[in-house]
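Have a look at the structure that comes next, please.
The values are calculated or read from the model by the stated rules, or taken from the named source; none is laboratory data. Everything numeric here is computed off the predicted structure, so don't read it as measured data. Methodologically, a virtual Cβ is constructed for each residue, glycine included, from the backbone with ideal geometry; neighbour enumeration extends over all protein chains shown.
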Amino acid sequence: MPQKLTVNSIMGLGEIENLLPVTFTIFLSLISTLFLPSSSLAETVIEKVARTGVLTVGTRIDIIPYAYVNDRQQLVGYSVDIVNLIKQELEKQLDKEIIIQTVVEEKFADRIPQIVNGEVDLACSTAFTWERDKSVDFSVSYSISGIRLLAKRDSEIEDSTESLVGKRIGIAPYTISESTMKFIQPQATLVPIEDVDGGFKALQAGQIDAIAGDTIALAGVIQRDNPDKYKLRPLQPYARYGIACMVPENDSSFLDLVNYSLVKFMQGYVIREQSSVDLVERWFGQAGIVELPSELIRSFFQSIILTREQILWENDRSR
């Protein structure tokens with residue numbers, strides 16, 4: 001039979017006695033880890049905001065109409081307004097005024113690490129992906145979009161994927177655009193771009209044949225030029241996704257507040273509450289940056305609301 005190993009068979013009794021103080025120290029360390037405060041048990045976002053009075057928000061400043069700098073050098077956009085709604089709800093819960101501290105992202109790849117490291121509390125204008133959801137938590141979607149191509153009007157690029165063979169497609173690395181285009185047409189030449197603005201300049205200069213990106217953001221960027229000079233292809237997006245806010249993972253109290261703010265806003269639009277309607281119309285109405293059918297927006301908002309408890313507005317009483 002194999003020899004049964006015991007403590008005595010692999011070390012002497014004197015060695016065991018020498019190890020006892022060390023063992024006891026390790027035991028105390030384990031106890032401390034279990035029962036004493038740890039840096040890994042960080043405060044929630046709501047606790048941090050209650051303590052500091054500051055909500056830190058990560059944002060890009062070049063995504064029309066989500067978040068961009070206007071002619072007056074002001075940060076504006078649909079997602080900027082969404083963040084302000086979340087701020088207002090946070091102020092109600094804490095019963096105190098808070099301020100928004102904006103952290104401008106130099107590149108999209110910074111966004112998730114900033115949330116994971118605690119540098120940023122909230123970042124919106126983000127396409128949901130299952131891979132990103134492994135590192136952060138996502139709110140309900142407050143917009144829906146998809147991947148399409150922006151090309152010049154006289155371009156040979158059309159709806160067929162065959163028209164993309166050999167074409168130079170500008171893509172932002174490590175995004176849905178990149179993975180989608182690799183799948184749709186492996187024979188296209190993917191050209192890295194820093195952002196939509198940079199890609200648009202490259203398109204204008206003839207350095208690329210098209211930009212692959214978020215449909216709404218692409219429709220927004222052509223407002224910097226004559227929109228009639230460009231086209232979006234294909235007619236139906238290659239891939240669809242929701243646009244949402246990212247928050248630190250496993251911070252349920254803050255995620256609940258963000259979701260409540262978004263669903264309340266969408267419910268307001270559905271029942272024609274004026275401030276909610278004005279917010280949407282400012283960006284997607286007839287006089288907005290990117291015009292979308294109101295029934296399409298209403299239908300999308302209703303699909304989100306149906307998955308949650310209805311939030312009553314004053315307008316609901318008169319219905």
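Go through Phe265, Phe254, Phe284, Phe301 for me and flag whichever is among the aromatic types (Phe, Trp, Tyr) and closer than 18 Å to Ala127 by Cα. Can you show your working first?
Numbers: Phe265 fails: closer than 18 Å to Ala127 by Cα; Phe254 fails: closer than 18 Å to Ala127 by Cα; Phe284 fails: closer than 18 Å to Ala127 by Cα.
Result: Phe301 is the single residue among Phe265, Phe254, Phe284, Phe301 that is among the aromatic types (Phe, Trp, Tyr) and closer than 18 Å to Ala127 by Cα.
Can you pull out every residue in region 179-197 that is closer than 15 Å to Leu218 by Cα and out of contact with any helix residue (DSSP H, G or I) (no Cβ under 8 Å at 6 or more places or on another chain)?
Taking region 179-197 as the starting set, the residues that turn out to be closer than 15 Å to Leu218 by Cα are 193-197.
Glu194, the sole residue that qualifies.
Inside region 222-253, can you point out the residues that are in a helix (DSSP H, G or I) and crowded, with 24+ Cβ neighbours inside 10 Å?
Filtering region 222-253 for residues in a helix (DSSP H, G or I) gives 222-224, 227-229, 252-253.
Once the filter is applied, which keeps residues that are in a helix (DSSP H, G or I) and crowded, with 24+ Cβ neighbours inside 10 Å, region 222-253 yields nothing.
Are there any pairs with C-beta distances below 9 angstrom linking a residue in region 236-256 that is at positive phi to a residue that is assigned to a strand (DSSP E or B) and surrounded by fewer than 23 Cβ atoms within 10 Å (Cβ to Cβ), with the two at least 6 apart or on different chains, and if so which?
Sorted first by the residue in region 236-256, then by its partner, the pairs are Asn250/Asp137.
Kindly provide the set of residues from region 270-294 that are assigned to a helix (DSSP H, G or I), in contact with a helix residue (DSSP H, G or I) (Cβ under 9 Å, 6 or more places away or on another chain) and more than 14 Å from Leu306 (Cα to Cα), ordered by number. Break it down into steps so the answer makes sense when it comes.
Pass one, region 270-294, residues assigned to a helix (DSSP H, G or I): 270, 274-284, 294.
Imposing the further condition that a residue be in contact with a helix residue (DSSP H, G or I) (Cβ under 9 Å, 6 or more places away or on another chain) reduces the set to 270, 274-277, 279-284, 294.
Of everything in region 270-294, those that are assigned to a helix (DSSP H, G or I), in contact with a helix residue (DSSP H, G or I) (Cβ under 9 Å, 6 or more places away or on another chain) and more than 14 Å from Leu306 (Cα to Cα) turn out to be Gln274, Ser275, Ser276, Val277, Leu279, Val280, Glu281, Arg282, Trp283, Phe284, Ser294.
Further question: Filter region 66-98 down to the residues that are within 17 Å of Val221 (Cβ to Cβ) and among the polar types (S, T, N, Q), then identify the one that is modelled with the lowest pLDDT.
My answer is Asn70.
For residues that are part of a helix (DSSP H, G or I) and surrounded by fewer than 19 Cβ atoms within 10 Å (Cβ to Cβ), scanning just region 197-214, find the one that is modelled with the lowest pLDDT.
Selected residue: Asp197.
Oh, and also: Within region 263-278, identify whether any single residue is free of Cβ contacts under 8 Å to residues at least 24 places away in the same chain and hydrophobic (A, V, I, L, M, F, W, C), and answer yes or no. Step through it out loud before you land on a result.
Initial filter on region 263-278 (free of Cβ contacts under 8 Å to residues at least 24 places away in the same chain): 274-278.
Okay, now just the ones that are also hydrophobic (A, V, I, L, M, F, W, C), so 277.
Looking through region 263-278, at least one residue is free of Cβ contacts under 8 Å to residues at least 24 places away in the same chain and hydrophobic (A, V, I, L, M, F, W, C).
For the structure I just gave you, tell me whether Thr189 is surrounded by fewer than 20 Cβ atoms within 10 Å (Cβ to Cβ) and in contact with a Pro (Cβ under 9 Å, 6 or more places away or on another chain). Steps first, please.
Values: surrounded by fewer than 20 Cβ atoms within 10 Å (Cβ to Cβ): yes; in contact with a Pro (Cβ under 9 Å, 6 or more places away or on another chain): no.
Taking the combined requirement at face value, the residue does not satisfy it.
Next question, about the same structure. Name the residue that is farthest from Glu43 (Cα to Cα), counting only residues in region 96-125 that are surrounded by 17 or more Cβ atoms within 10 Å (Cβ to Cβ) and of a type in the set (Gly, Ala, Ser).
Filtering region 96-125 for residues that are surrounded by 17 or more Cβ atoms within 10 Å (Cβ to Cβ) and of a type in the set (Gly, Ala, Ser), the one farthest from Glu43 (Cα to Cα) comes out as Ser125.
Taking only region 176-196 into account, find how many residues are more than 25 Å from the chain's Cα centre (by Cα) and either part of a helix (DSSP H, G or I) or over 14 Å from Tyr238 (Cβ atoms) (or both).
Qualifying residue count for the region: 2.
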